[in-house]
Amino acid sequence: MISANLSAIFYLVSGVLFILALRGLSSPETSRQGNFFGIIGMIIAVTVTFLSTGNFSSGFVYVLIFILVGGSIGAFIAYRIPMTAMPELVAGFHSLVGLAAVFVAISAFLNPEAFNLGNPGNIKLGSLIEMSIGAAVGAITFSGSVIAFLKLQGLMSGSPITFKGQHPLNAIILISIIVLIYLLCSTQSSNLFWILLAVSFLIGFLLIIPIGGADMPVVISMLNSYSGWAAAGIGFTLENTALIITGALVGSSGAILSYIMCKGMNRSFFNVILGGFGATDEKSSASSKEQRPVKSGNADDAAFLMKNASSVIIVPGYGMAVAQAQHALREMVDTLKKNDIKVSYAIHPVAGRMPGHMNVLLAEANVPYDEVFELEEINNDFANADVAFVIGANDVTNPVAKTDPQSPIYGMPVLDVEKCKSVLFVKRSLSPGYAGIDNDLFYKENTLMLFADAKKMTEDITKNL
Amino acid sequence: MEIDPLIFRLSIFILSIFVGYYVVWSVTPSLHTPLMSVTNAISSVIIVGAIIAGLSGNPDSVFSTSSIFGFLAIALAAINIFGGFLVTQRMLAMYKKKKKDKK
């Protein structure tokens, strides 16, 4: 058994290691080391907890058993999960953090002596406030993440579910949570604690159902942030520095990612949270009913264009992941490189279903990360490039965002694909993207549409090169 | 008058938010997905609370309502810790630089 002061110092050490874990992610070279720091931090935190309880009775064996069971499940999932399913995985993991926070709070509420928080029915006021906030945020994280998971997994329709009086209802529930916490702290009633949990689960569910599938990058980042705040709340209850530091880190990390995602779509955070985006598909596409001429080509034409180019920029989007075309794409690029054609990749901040998703998919297909560029880094290069190859992306290339103030995506940062000498656009049909608007790029003089499945088309082009 | 320890914890919390803010802005956008999975793993340090809860039962009866919730939380957090760190490692291993020698 080690003293409370010594264990507090060790918790601080593991908190610092967690900071270093995130710091490592500033570049791919240092990232693996960062992950290693994170693992060390976790081992220290768990070991110190065992030593400080000094309880190596039969309960200890059960703790190890549950760690082992959970750990094997986690490891199994980590090795089996395909990279395309990362958003679902992360959403699922968030829900577990939320639920774990709820369980710890329940346990602390039922047996406060074990945590030095007072007696049942007479818990220290400060601890009770922290506990109930941690439990409420944890519950919201859990049910919200479950909905996000179901939507991403396709088990639930990705379209927003809205009904009349939704926002007033949510507002009432949020206010009632605050009132419940106040009442709980003044009466210490366990019934109120259970009601608080139930209401929090409900609001997490209600907050996420109106948000459309395409806004999932924001939702996942937001839930990431919530899971951090829930951990911090529990950290205050347990007076544990490691947990407080980690909660704050994760909370701000998720908040920053949400901000980046919102900016990538030029939408305010509230606009996303209030939901309903994508439910108004009809309105804008109706105005452009008149047929405009489109040039379409086949793999042969595309191969010809690329063979005569000296630089090619690839613009991948979520459609590429759906078609599983990333490996075929990389093979095509290898062939291009053999012909001394310069190839780079341009990634929009909201490409894919979560922040950085496209980068992982390309990395999996053995694309070196120094060929992959972010929007700001590469946008000026389109004017000098010969061919832009758009595969699975749509709205993020739409020039309307720069020219038409009436458009719902006006002001959204887009890739200046149309500035290329020629644009190859792989798509199944002329249907609009999730924003429900026509892409002006289709009708440009220098655009050649390649109507086909992304994977098949890429393979055909490679054959013709 | 003595300062409530809560104030110290609050100071740590606020300062950590600032540390988090600057550290996360320095994360390269191409690693945002590993960032999410690793934050997931580290926020499961909540397992320390779960362990205390799990060991809260007395020596005669390991299982009480409170310790059962603790054990469940341990399992959930362990899924996250192992899953989170391993999947992050798997992803990071895929980020490679351009090969100098052409195949």
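The values are calculated or read from the model by the stated rules, or taken from the named source; none is laboratory data. Remember, it's a predicted structure, so these values are computed and weren't measured experimentally. Heads up, the Cβs are rebuilt from the backbone with ideal geometry, glycines too, and the neighbour counts pull from every protein chain shown. With ligands, DNA and RNA removed, areas are computed over all heavy atoms of the protein, side chains included. Shrake-Rupley method; radii C 1.70, N 1.55, O 1.52, S 1.80 Å.
Which of the numbered conditions does A:I40 fail, given that it passes all the others? Conditions: (1) at pLDDT 95 or above; (2) within 25 Å of the chain's Cα centre (by Cα).
So A:I40 meets the others, but not (2).
Residues in segment A:352-374 that are open to solvent by less than 20 Å² (accessible area, probe 1.4 Å), under 24 Å from A:V218 (Cα atoms) and assigned to a helix (DSSP H, G or I): how many?
Residues meeting the conditions: 7.
Residue by residue, here is whether (1) crowded, with 23+ Cβ neighbours inside 10 Å; (2) modelled with pLDDT of 90 or more; (3) under 18 Å from A:M131 (Cβ atoms); (4) of a type in the set (A, V, I, L, M, F, W, C) holds:
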{"position": "A:I208", "(1), (2), (3), (4)": "yes, no, no, yes"}
{"position": "A:V218", "(1), (2), (3), (4)": "yes, no, no, yes"}
{"position": "A:M222", "(1), (2), (3), (4)": "yes, yes, no, yes"}
{"position": "A:Y226", "(1), (2), (3), (4)": "yes, yes, yes, no"}
{"position": "A:A230", "(1), (2), (3), (4)": "yes, yes, yes, yes"}
{"position": "A:L243", "(1), (2), (3), (4)": "yes, yes, yes, yes"}
{"position": "A:G251", "(1), (2), (3), (4)": "yes, yes, yes, no"}
{"position": "A:L257", "(1), (2), (3), (4)": "yes, yes, no, yes"}
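Please identify the pairs in which a residue from segment A:298-323 that is within 17 Å of A:M449 (Cα to Cα) has its Cβ atom under 6 Å from the Cβ atom of a residue that is among the hydroxyl-bearing types (S, T, Y), counting only partners at least 6 apart or on another chain.
That search, which allows pairs on different chains as well, returns A:L305/A:S422; A:I313/A:S344; A:I314/A:Y345.
So A:N116 passes all but one of these: (1) surrounded by 24 or more Cβ atoms within 10 Å (Cβ to Cβ); (2) more than 7 Å from chain B (Cβ to nearest Cβ). Which condition number does it fail?
It is condition (1) that A:N116 fails.
Do we have A:A105 as facing another protein chain (nearest Cβ under 8 Å) and open to solvent by less than 30 Å² (accessible area, probe 1.4 Å) here?
Criteria not met by A:A105.
Taking segment A:119-177, which residues are in a loop (DSSP other than H, G, I, E, B) and in contact with a Leu (Cβ under 9 Å, 6 or more places away or on another chain)?
A:P120, A:K124, A:M156, A:G158, A:F163
Report, by residue number, each residue of segment A:417-442 that is at pLDDT 85 or above and surrounded by fewer than 19 Cβ atoms within 10 Å (Cβ to Cβ).
A:K419, A:K421, listed by residue number.
What is the one condition in (1) modelled with pLDDT under 90; (2) surrounded by fewer than 15 Cβ atoms within 10 Å (Cβ to Cβ); (3) closer than 20 Å to B:I51 by Cβ; (4) polar (S, T, N, Q) that A:N122 does not satisfy?
The single condition A:N122 does not satisfy is (3).
Tell me, yes or no, whether segment A:248-262 has at least one residue that is facing another protein chain (nearest Cβ under 7 Å), of a type outside the set (G, A, S), in contact (Cβ under 8 Å) with a residue 12 or more places away in the chain and not in a helix (DSSP H, G or I).
Within segment A:248-262, none of the residues are facing another protein chain (nearest Cβ under 7 Å), of a type outside the set (G, A, S), in contact (Cβ under 8 Å) with a residue 12 or more places away in the chain and not in a helix (DSSP H, G or I).
List every residue pair whose Cβ atoms lie under 7 Å apart, where the two residues are 6 or more positions apart in sequence or sit on different chains, the first residue falls within segment A:11-24 and is without any contact (Cβ under 8 Å) to a residue 12 or more places away in the chain, and the second residue, located anywhere, is open to solvent by less than 70 Å² (accessible area, probe 1.4 Å).
A:R23/A:G34; A:R23/B:V23
Looking only at segment A:125-151, filter to residues that are open to solvent by 30 Å² or more (accessible area, probe 1.4 Å) and within 26 Å of the chain's Cα centre (by Cα); which one of those is farthest from A:A85 (Cα to Cα)?
Ranking the qualifying residues of segment A:125-151, first place goes to A:I133.
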